[in-house]
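K.L.:
One structure, as structure tokens, below. Some questions next.
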Amino acid sequence: MPAALHAVSATDPDPNNLRTLAGRIVQWLVRESPAGIGNERSLPSDAAARPAMSVRPNPARGAREITLDFPSEGPARLEVFDAAGRRVARIFDGSLPAGHHAWIWRSPAPGLYLLRFGTPVGQTSVTVIAIE
């Protein structure tokens, strides 16, 4: 385990500690993952050109809602990766019209997940914590 990561119990009552840990793990995953997470270009920094993605509730038990505001029509893919960098779900893969979109996703097990939304222009991601 990299020295920058600190052990935090998944049952820690302070969700801020879990979010901090999740952020550190995702940063490490993006740098070190053999699955290539993070090898695509980031989406444009211009806020108007970027899709806005959120996951609620997070952290959570059970199902959660993924919402996305997509600024322009085009091909898109929404995938979920576990902490080991394995793809555990492909939520969407196809042409997506501009506008607001929502999906319900239930994690297969407690843990840390990375939701990645990719387009030909680049990608954006959100960290999700699934608790027991």
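K.L.:
Out of everything in the stretch 84-122 that is over 20 Å from A63 (Cα atoms) and under 12 Å from the mean Cα position of the chain (by Cα), what residue ends up being modelled with the highest pLDDT?
P.N.:
The residue in question is G85.
K.L.:
Under the condition of being of a type in the set (A, V, I, L, M) and in contact with a Phe, Trp or Tyr (Cβ under 7 Å, 6 or more places away or on another chain), which residue from the stretch 91-132 is surrounded by the fewest Cβ atoms within 10 Å (Cβ to Cβ)?
P.N.:
In this case the residue turns out to be A98.
K.L.:
Which of (1) surrounded by 14 or more Cβ atoms within 10 Å (Cβ to Cβ); (2) in contact (Cβ under 8 Å) with a residue 40 or more places away in the chain; (3) more than 14 Å from R56 (Cα to Cα) does P71 not meet, given it meets every other one?
P.N.:
(2)
K.L.:
Further, regarding this structure: What are the residues in the stretch 99-132 that are without any contact (Cβ under 8 Å) to a residue 60 or more places away in the chain and under 16 Å from I66 (Cα atoms), if any?
P.N.:
G99, H100, H101, A102, W103, I104, W105, R106, S107, P108, Y113
The values are calculated or read from the model by the stated rules, or taken from the named source; none is laboratory data. Everything numeric in this text was worked out from a predicted model, so none of it was measured. For neighbour counting, all protein chains shown are included, and Cβ atoms are generated from backbone atoms with ideal geometry for every residue, glycine included.
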